[in-house]
Amino acid sequence: MFAFFFLLFTALIYHVFAQVPGFFSIDCGGTEKFLDEIGLEWTPDKLVCGNAANISVGSENTKPYTTLRYFPADSRKYCYTLSVEARKRYLVRASFLYGNFDRNDVYPKFDISLGATHWSTIVISDADTLEVRELIFLATSPSISVCLSNASTGQPFISTLELRQFNGSMYYTDFETASYLSVSARINFGAVNNDSVRYPDDPFDRIWESDSIRKANFLVDVAAGTSKISTTTPINVNRDERPPEKVMQTAVVGRNGLLNYRLNLDGFPGFGWAFSYFSEIEDLGANESRKFRLKLPGYPDITKATVNIQENAQGRYRLYEPGFTNLSLPFVLTFSFGKTADSSRGPLLNAMEINKYLQINFGSPDAAVISGLTSQYPQADWAQEGGDPCLPVPWSWLQCSMDAQPRIFAILLSRKNLPGNIPSKISKLTGLVELWLDGNSLSGSIPDLSDCTNLRIIHLENNRLTGALPSFLTGLPNLAELYVQNNLLSGRVPRGLLDKKVVINYAGNINLRPEGKGPNHTNIIVISILGGSLLLIIVIITCCFFFVRRKKHQDNEKDDASGLQPPRKTTSSQSEGPAETAHFFTYEEIEDATGKFQKRIGSGGFGTVYYGRLNDGKEIAVKVLSSNSYQGKKEFSNEVSLLSRIHHRNLVAFLGYCQEEGKSILVYEYMHNGTLKEHLYGPLTQERAIDWIKRLEIAEDAAKAIEYLHTGCIPSIIHRDLKSSNILLDKHMRAKVSDFGLSKLAVDASSHVSSMVRGTVGYLDPEYYISQQLTEKSDVYSFGVILLELISGQEAISNESFGVHCRNIVQWARFRIDNGDIQSIIDTSLQGNLNVQSVWKIAEKAMQCVQPHGRDRPPISEVLKEIQDAISIERGSESEDSSEGVSRDSRHSSLNLATNDPGVSDTFVSSFDDDPIVLPTAR
Ligand SMILES: *[C@@H]1O[C@H](CO)[C@@H](O)[C@H](O)[C@H]1NC(C)=O
């Protein structure tokens, strides 16, 4: 068990020993050193945490990207620590090429950070697109850490990590001790092809992107008359980090007097650093001139300055680099250069660089103290986790407060084989509330922790501590638990500790006795001479002892089951708070966004949903949970931490939560087109009816979401309350599944969750209702009902639609499908406008989904495939001529449906509103 833990965290400290001075290139997941095509030396990462993987990559100079390292999608962070020289500027570059390394096709999304500063969220949207992030920073300490954490989908991974040292002052700014520069755009204009310019042309190996590259909203709206020019004449680029000559030898010119571009700036809006680079590389005649002005919409002042390259640079083939060291820029930047009236030539542009200021987070104020502590244990893996102790997520053996500058709140170093004395540095952690050092080999006396006035829980039991119980313990105002049993402590237990409401255990210290009692020195006769009052105390202590032993025993069982020692559950309020990954909204923000809960857009058994709009214009759906839906803070925080880890394009995005003013609120993205239910039946069907192909696409989207919940999440997630009112439609009528209010993490097959039967009448799996054993197949049942709704446009439960003896869509549809009569269940608004073969496919699958026994139902992936087949049939017949003539008898002959208990659904139908029912289980 310990060995496993041992392997999990060991970040290697790298020493820069590259062949290009100041360069260090890590090939993550690699196995050996190598030189790449451009002469850079790559070093394998040799990290013992995470796993290496290989992917296949197409084009040239891609060897470093063929390997990567990936990490568990857990609540920890995984760090690379690199040596740097303090007071030097560096470029750090991390790149990510997914390549479907896990054969999972789930595109990962996770965060990277530099030390305690959130650097970027890596969102993989394509298996073959390389994601690159670059940051320019001034080193202030001898090492930096790049950490991966907070995976919300897939597993965090990294392909390469590169460090390049600068030697000049191009990137000096007044803000550099408080901000990093995050690279947003570095463009080589007039590039001869799509290739970037980098090392060796750029001695600092910056990547100058070609302006010919085609990607979304990158250098669009190019003005007519823009042409590329280039020269081979050497260009005087002066010194330090000016753009390399090769970049300056190409340019664009606006032959019609205008250069215009629009591009997206990663990371913006915000304050940024922006420079343009000009060099005159055309021959201007004696009477000719090139004068132009920059135009940035909304920046009248900037427009005033005139650029005259030759004059400004004092000659041709020389560099002129005007720029702004602090400029507020939008995400979509439009800029243009226009020639002045008296200029004979149009504007010219060679290169441009835009970086965003990223405010440095200096992390936990306890970082220095705790790193002093970990440096005493150079061999221990828990001491090598790297990065800030608290941010973006705490080390595995720490808990931190939720402040912007988090304090260390708990030290959890039970059973870590710690030798030596208890580090006295702990006394500097004044925010400390819990100290768990039990089960180690600690010796010496208990240090003075009187400065840690917040200490509530101290566990020092099962060590070899000597000396007395120090008197400061009686002065700790919040002390509630003090465990020091089974040590070698001696002397008296201060009376203050026995009087107060402190749970104390000091058994097994043969020379330690309560204060003010008999002078005996051997424990054999202690009992015989004890006074009655002391006997009482001993009885109490013994009870406590047994209580603790039992509790501990349970803990141990848990530990053994997981094979790993989990961070201890603590009694603090902080530790019960929702995961740090979820965004927290204040109640005030929510009130502002919703205009004090003005527009109600939905309601269900779990609360009311309101429309809202955030300050940045983003539309949101605010779900105020009814007070009885979450009995406790704990359930709510379970929910929130679960939600914040689920991310899929067909799941309604969870944006954050609020728990204030006695309200529990969840914030989701707003879905413009409401619920599927509204479109199938009810008031909207007339004006916004949806055709069959659209319905299939909606089914496909929803099935993908369910497949992700069932197979893309570890452990898998069972939705429990799938229904047409939980399938929402966005602006483009793409479907997303919502309402994870009932989701619980699925446990393994042998022990299925059985607490409360939950779900909605009409969609509820009858087997689950009877057995209370929840499996993924319960969702498949509900999804089958939704498929029937899509075909028929009927509600799942209806008093009128299905005749006198039947209120349930499953029975109604089954009877007709069994008899080969599909026409009578097809929604009348679809008649004639579809291919019956594709309807049969869906109907057949739906019937399998609603089989009474879960084992007879297909997995959702199989259902998804069938839907996709139906879509291609439908698309095929769209292009031909819609042929209704497909023999339904031939389709029907392949139907092989088990006979079903016709009453099974009705047995649990007691009401038929849309509210979920919650039935306590009979245990
Ligand atoms: C840039 O200017 C703004 C407004 O003048 C100021 O608030 C900010 O601190 C400056 N620097 C950075 C790094 O944002």
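Any read-out appearing in this document is the output of simple, stated calculations on the displayed coordinates, not a laboratory observation. Just so it is clear, the structure is predicted and the values come from calculations on it, not from any experiment. Virtual Cβ from ideal backbone geometry, glycine too; neighbours counted across all protein chains shown.
Let me check I've understood the local charge: for residue 51, count other residues with C-beta under 12 angstrom from its C-beta, Lys and Arg +1, Asp and Glu -1. What total comes out? Write out the running numbers ahead of the final one.
Details: positive: 69; negative: 45, 102.
Net of charged neighbours comes to -1.
Only Cα pairs under 8 Å and at least 6 apart count here; give the relative contact order of segment 249-319 as a rounded whole percent. Numbers along the way, then the final one.
Numbers: 47 pairs, mean separation 21.2, N = 71.
Computed over segment 249-319, the figure is 30 percent.
State whether segment 373-502 is rounded, prolate or oblate according to the following rule on the C-alpha gyration tensor (a ≥ b ≥ c being the square roots of its eigenvalues): a/c under 1.5 gives rounded; otherwise a/b larger than b/c gives prolate, and the remaining case gives oblate. Spell out each step's value before the answer.
Working: a/c = 2.30, a/b = 1.35, b/c = 1.71.
Oblate, since a/c reaches 1.5 and b/c is not below a/b.
Given an 8 Å cut-off on Cα distances and at least 6 residues of separation, report the relative contact order of segment 758-799 as a percent. Before the final figure, lay out the partial values.
Values: 26 pairs, mean separation 16.3, N = 42.
With pairs under 8 Å counted, the relative contact order is 39 percent.
Pairs on different chains or at least eight residues apart, Cα atoms closer than 14 Å: how many lysine pairs in segment 289-357 fit? Before the final figure, lay out each step's value.
Working: 291/304; 291/339; 295/304; 295/339; 304/339.
Count of close lysine pairs: 5.
Over segment 401-501, what is the relative contact order in whole percent, taking alpha-carbon pairs under 8 Å and six or more residues apart?
Result for segment 401-501 is 22 percent.
Nearest 5 percent is fine: what portion of the DSSP beta bridges confined to segment 360-463 is antiparallel?
Numbers: 3 of 9 bridges.
About 35 percent, rounded to the nearest 5.
Please get the size of the charge dipole for segment 384-453, origin at its Cα centre, with Cβ charges of +1 on Lys and Arg and -1 on Asp and Glu, quoted in debye to the nearest 20. Write out the running numbers ahead of the final one.
Values: 5 positive and 7 negative charges, 30 e Å.
About 140 debye.
Count neighbours as other Cβ atoms within 10 Å of each site's Cβ, and list the GluC sites (Glu not before Pro) in segment 282-366 that are DSSP loop with at most 16 such neighbours.
Passing both the DSSP loop test and the Cβ count: 282, 288.
For a quick check of your reading of the filter: which trypsin sites (Lys or Arg not before Pro) in segment 190-221 sit in a DSSP loop and have no more than 13 other Cβ atoms within 10 Å?
Numbers: sites: 198, 206, 214, 215; in loops: 198, 206, 214, 215.
Qualifying residues, ordered by number: 214, 215.
Using per-residue counts of other Cβ atoms within 10 Å, averaged over each peptide, order 649-655, 421-427, 120-126, 159-165 from highest down.
159-165, 649-655, 421-427, 120-126
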